[in-house]
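Reviewing the structure listed below.
The values are calculated or read from the model by the stated rules, or taken from the named source; none is laboratory data. Remember, predicted model here, so these are calculated numbers, not experimental data. Because the Cβ atoms are built from the backbone with ideal geometry, glycine has one as well, and the counts that use them run over all protein chains shown. The area values use the complete protein model at the heavy-atom level, side chains included, leaving out ligands, DNA and RNA. Shrake-Rupley method; radii C 1.70, N 1.55, O 1.52, S 1.80 Å.
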Amino acid sequence: MALEPIRQKVKGDGLPDFFRLIRDREGSLDRIVFVCIGTDRSTGDALGPLTGTLLREAGYRHVIGTLDAPCDASNLEVRLSEIPAGRIAVAIDACLGLPTSVGLFQVADQPLMPGKSVGRFLPPVGRYSIAAIVNKDGPKQYWILQSTSLHLVLAMARDIVAAVQTVFPKGPRLPE
């Protein structure tokens, strides 16, 4: 029996349900690799490396893409080759969206298309994906990402990590 596909927008408090779905379908945390896409050179695009860094600091080992070793457009294909065979990738990236969706997360049981909001064509990433809508879309996407609130991006990264910690407990909790 085929599972019903998932693609929906959720608030931060809905992220644990998404990770529970992944756990119920895929089992152990040992099978999961978090692929956190982005760069620290743009506040809006820093969501991935911030999330990856916070996951690593919380004790999660299977993380690709951190502030000190980003996974971005310049090295995406090489970094994807680091995913061990048999592991399930959960892609995490920032994106732009409707003004009413800023602060929400687009979760799906399908790959993420990194760079799409800025007109880049990069390989799809992940069996599951989380796209954090960090700002509203507009005609100058690079400028919009550059001028995105770091406060919002960090809060959204913390929401993702808190959801992971809720469903896959490990190590100390992040401070509230």
Which numbered condition trips up residue 78, out of (1) over 19 Å from residue 55 (Cα atoms); (2) of a type in the set (Val, Ile, Thr); (3) in contact with a Ser or Thr (Cβ under 6 Å, 6 or more places away or on another chain)? (3)
Looking at the range 113-162 only, could you name the residues that are among the hydroxyl-bearing types (Ser, Thr, Tyr) and in contact with a Ser or Thr (Cβ under 6 Å, 6 or more places away or on another chain)? 148
So, of the residues in the range 65-115 that are part of a loop (DSSP other than H, G, I, E, B), of a type in the set (D, E, K, R) and touching a residue at least 24 places away in the same chain (Cβ under 8 Å), which turns out to be farthest from residue 127 (Cα to Cα)? 72
Residues located in the range 91-110, provided they are farther than 14 Å from residue 22 by Cβ and touching a Pro at 6+ places or on another chain (Cβ under 7 Å): 93
Are any of the residues in the range 35-55 more than 21 Å from residue 150 (Cα to Cα) and of a type in the set (A, V, I, L, M, F, W, C)? no
Would you tally the residues in the range 27-64 being in a helix (DSSP H, G or I) and charged (D, E, K, R)? 5
May I ask you to list the residues in the range 121-157 that are closer than 28 Å to residue 5 by Cβ, open to solvent by 50 Å² or more (accessible area, probe 1.4 Å) and either assigned to a loop (DSSP other than H, G, I, E, B) or at pLDDT 95 or above (or both)? 121, 124, 127, 137
How many residues, within the range 47-74, are open to solvent by less than 40 Å² (accessible area, probe 1.4 Å) and either touching a Leu at 6+ places or on another chain (Cβ under 7 Å) or polar (S, T, N, Q) (or both)? 8
